[in-house]
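Bear in mind that the values in this text are calculations on the coordinates, not laboratory data. Not measured: the values here are computed from a predicted model. Cβ: placed from backbone, ideal geometry, glycine included. Neighbour counts: every protein chain shown.
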Amino acid sequence: MIQRRHLMGALAAAPWVGTLPARAQTYPERAVKIIVPLPPGSPPDVLARLVAEGLSRTWKQPVVVDNRPGATGMIGMQALARSAPDGYTMGVLFLTHTVLPELIGPLPYDTANDLAPVANLVWLYNVLVVPAASPVQSLKDLTDRARAQPGALTYASGGNGSPAHLVGESFGQASKTKMLHVPFKGPAEAVTALLGDQVSAMFATTSVAAPLVRAGKLRAIAVTSPQRLTALPGVPTLSESGLGDIELREWEGLVAPTGTPRAIIEQWNQALFQVLAAPELRAKLADLGMSVAAPNRPDEFSALIRQELAHWGRFVKASGLKPG
């Protein structure tokens with residue numbers, strides 16, 4: 001009986017097993033699309049365009065970036081989840097998407113089940129910046145002021161649940177300080193407010209912060225990475241600044257609609273890390289504050305996503321974060 005069940009199972013799987021390799025051997029046969037759920041110029045967009053350029057050369061097929069901003073990234077992810085699972089539509093998933101289910105409530109898609117993980121591509125680090133005219137000169141200066149007057153200092157973000165908000169809240173817990181969160185409609189508006197001295201600080205992405213720091217328009221206090229960033233080698237880490245052994249990081253990876261053939265997902269996984277192995281590309285990403293992730297399997301990225309869903313779910317509940 002056991003042998004018969006095994007045989008029937010093998011026969012049932014035979015057409016699937018037999019067709020996938022042939023399908024993958026000819027893939028891709030036409031243009032491939034990567035959905036980015038944020039506007040052009042955002043870190044996920046920059047990453048997607050650099051990767052798309054490398055994949056186009058590898059596959060000799062166009063790999064185009066399709067920006068679908070709106071609703072904190074939910075519009076783009078919903079479009080991806082509803083796409084045909086044929087390997088010709090992929091999407092960039094990042095930390096924010098593991099916060100939204102608890103922060104917003106039921107989403108128009110299931111983050112854990114409607115998206116098939118392909119690979120985590122990069123880790124991202126932020127820069128704690130203050131206006132150039134700010135009296136704050138160091139991390140100790142900032143934390144001392146924040147402890148002396150809880151809630152008097154403010155920090156900006158691109159919205160409730162955005163990476164800058166989450167990093168800011170995590171920093172507050174780690175440093176035992178309380179700064180008032182001021183959400184804006186997007187990161188550009190948040191940076192504008194910081195430049196105008198309307199807020200005290202911000203955990204800005206490196207790609208945005210570095211040019212403004214070099215131009216003398218912002219002052220960098222610390223970076224959230226475990227080591228100093230290539231883009232700002234003179235800026236100390238949180239740990240070097242006396243906060244202890246702490247690292248605050250974001251991540252960005254690629255996902256497909258659930259049901260995409262495993263062989264095609266595997267092909268994407270291998271091709272992505274071949275592209276990301278190029279020294280020139282890694283250097284460009286380093287200048288943006290992105291560290292290429294070690295090659296990882298789809299199931300490893302799946303485990304990371306589920307861990308992050310659980311972690312940020314608990315974090316939202318404990319912090320009392322509310323959607324804006």
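Checking ARG145 against (1) within 20 Å of GLN198 (Cβ to Cβ); (2) touching a residue at least 24 places away in the same chain (Cβ under 8 Å), which test does it fail?
(2)
Is it the case that LEU309 is hydrophobic (A, V, I, L, M, F, W, C), surrounded by 15 or more Cβ atoms within 10 Å (Cβ to Cβ) and over 14 Å from GLY161 (Cα atoms)? Show your work before the answer.
Details: hydrophobic (A, V, I, L, M, F, W, C): yes; surrounded by 15 or more Cβ atoms within 10 Å (Cβ to Cβ): yes; over 14 Å from GLY161 (Cα atoms): no.
Here the answer is no, as LEU309 does not meet what is asked.
Could you grab me the full set of residues in the range 56-79 that are among the hydrophobic types (A, V, I, L, M, F, W, C) and part of a helix (DSSP H, G or I)?
TRP59, ALA71, MET74, ILE75, MET77, ALA79
In the range 33-45, which residues are out of contact with any Gly (no Cβ under 6 Å at 6 or more places or on another chain) and crowded, with 20+ Cβ neighbours inside 10 Å?
Residues of the range 33-45 out of contact with any Gly (no Cβ under 6 Å at 6 or more places or on another chain): 33-34, 36, 38-45.
Residues satisfying the conditions are ILE34, VAL36, LEU38, SER42, PRO43, PRO44.
Please work out if LEU128 is touching a residue at least 60 places away in the same chain (Cβ under 8 Å), under 23 Å from the mean Cα position of the chain (by Cα), crowded, with 24+ Cβ neighbours inside 10 Å and more than 30 Å from ALA84 (Cβ to Cβ). Lay out the reasoning, then the answer.
Numbers: touching a residue at least 60 places away in the same chain (Cβ under 8 Å): yes; under 23 Å from the mean Cα position of the chain (by Cα): yes; crowded, with 24+ Cβ neighbours inside 10 Å: yes; more than 30 Å from ALA84 (Cβ to Cβ): yes.
Yes, satisfied.
How about the range 169-280: which helices (runs of 4 or more DSSP H) wholly inside it have at least 1 residues that are loosely packed, with under 15 Cβ neighbours inside 10 Å and of a type in the set (A, V, I, L, M)? Spell out the reasoning first.
Working: elements: 187-195, 206-214, 262-276.
The helices (runs of 4 or more DSSP H) meeting that bar are 187-195.
Can you tell me which residue is surrounded by the most Cβ atoms within 10 Å (Cβ to Cβ) among those in the range 281-306 that are assigned to a loop (DSSP other than H, G, I, E, B) and over 15 Å from the mean Cα position of the chain (by Cα)?
Step one: of the range 281-306, the residues assigned to a loop (DSSP other than H, G, I, E, B) are 288-289, 293-297.
Filter once more, so that each one left must be over 15 Å from the mean Cα position of the chain (by Cα): 294-297.
Values: ALA294: 9, PRO295: 15, ASN296: 19, ARG297: 15.
The extreme case among them is ASN296.
Which members of the range 143-180 meet the condition of being over 20 Å from PRO323 (Cα atoms) and touching a His at 6+ places or on another chain (Cβ under 9 Å)?
Quick first cut of the range 143-180, residues over 20 Å from PRO323 (Cα atoms) only: 143-150, 152-153, 174-177.
Of everything in the range 143-180, nothing turns out to be over 20 Å from PRO323 (Cα atoms) and touching a His at 6+ places or on another chain (Cβ under 9 Å).
Please go through the range 147-162 and give me each residue that is closer than 30 Å to PHE94 by Cα, touching a Leu at 6+ places or on another chain (Cβ under 8 Å) and either surrounded by 24 or more Cβ atoms within 10 Å (Cβ to Cβ) or among the small types (Gly, Ala, Ser) (or both), ordered by number.
Here is the first cut: in the range 147-162, the residues closer than 30 Å to PHE94 by Cα are 151, 153-162.
Then keep just the ones that are touching a Leu at 6+ places or on another chain (Cβ under 8 Å); that gives 151, 153-156, 160-161.
Matches in the range 147-162: GLY151, TYR155, ALA156, GLY161.
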